[in-house]
1. Sorted by average packing, counted as other Cβ atoms within 10 angstrom per residue and highest first, what order do 70-81, 23-34 take?
2. If you fit an axis through the alpha-carbon atoms of helix 212-224 and take the longest principal axis of the Cα set of the chain, what angle between them do you get, 0 to 90°, nearest 10?
3. May I ask you to derive the relative contact order of the chain, considering only C-alpha pairs under 8 Å and at least 6 residues apart, and to give it as an integer percent?
4. Quick check on the stretch 68-147: take the gyration tensor over C-alpha atoms, sort the square-rooted eigenvalues as a ≥ b ≥ c, and tell me if it's rounded (a/c under 1.5), prolate or oblate.
5. If one takes the longest principal axis of the Cα atoms in the chain, at what angle in degrees, from 0 to 90 and to the nearest 10, does the Cα axis of helix 142-155 lie?
6. Test of understanding: in a Gaussian network model of the chain with alpha carbons linked when under 10 Å, which of 142, 99, 273 would top the mean-square fluctuation ranking?
7. Assuming 0.36 nm per residue, please report the length gained on full extension of the stretch residue 244 to residue 197 beyond their Cα-Cα distance.
8. Students often check this: by mean Cβ neighbours within 10 Å, which of 319-328, 100-109 ranks highest, and how do the rest follow?
Ligand code: PEP
Ligand code: MN
């Protein structure tokens, strides 16, 4: 059950409601926004909606057991804007995240970073812990790789993003500006709960076979634990079509925009699996109203240790960015 207090509820009114809940041995999370929201894990259906609605200071009470609430437009009408250093995700801003699939060496990171920044990317990506389908594929450089990413970000004055695969690694990510939860971990609930307790922005990718509701419920795990900084990322879903690596569900951007206030970006690289399709999908994603893109770029894709086939060469990234800028101009969006 979720109890939303009035914006002008007094401290003693809030404490009164909290004490009743605590006395009933239910767990309680408190979300401090413009107004206080209390989230109660009342799996016993112990608490009665009518009773709580009548308490002083209470604005509304609802059950949100099966569906999301904090991620919804009912909870927050206006779009959420998430600030990462000087980069803004959300309403009216368009962010391009670019970089290699995997961090491979300091030289590779420095080369790519300078180029993607020059052509308009504002966040640098790079994977250090790679969730690979085969245990024999390159698994990433781990902590050393994270250090290479962070140094390239600092040297080139760009915030950085990298994927985490376990809650035991959170300390290693203290200098990473955005933590990515990959498609395979979208429903790793212990990871989501741990990330809900930090205040770093989280980029939550849609699972390979996740419905939009399941994706938003995963976001809800992070929000309900107290971290309001969630950016969603559509990266394609598994369908019966084998030509593309995944089928890019661009309609999900429209659905998410309708249902949720959270920013949503698109990853055309993992959707397509082929570099030849990345530009077209990027332009389509920008046109449909995404708040940004995450594009894999490599200085020498044929030698990339992962996902070379879907990585753009630098000159192709430049061409794609020139076209993206035209679309963001038409839409009146600012390239953040
Ligand atoms: C990635 O971004 O490197 C990645 C592994 O993506 P996904 O989780 O979408 O497959
Ligand atoms: Mn990749």
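Taken together, the values in this text are just the output of simple stated rules run on the coordinates, not laboratory data. Everything numeric in this text was worked out from a predicted model, so none of it was measured. Every residue, glycine as well, gets a Cβ built from its backbone with ideal geometry; the counts of neighbours run over all protein chains shown.
1. Top to bottom by mean Cβ count within 10 Å: 70-81, 23-34.
2. With both axes taken from Cα atoms, the answer is about 70 degrees.
3. Numbers: 709 pairs, mean separation 57.8, N = 336.
Relative CO of the chain lands at 17 percent.
4. oblate
5. Around 80 degrees separate the two axes.
6. Judging by the Gaussian network model, the answer is 142.
7. 13.3 nm
8. Listed from highest to lowest mean packing, they are 100-109, 319-328.
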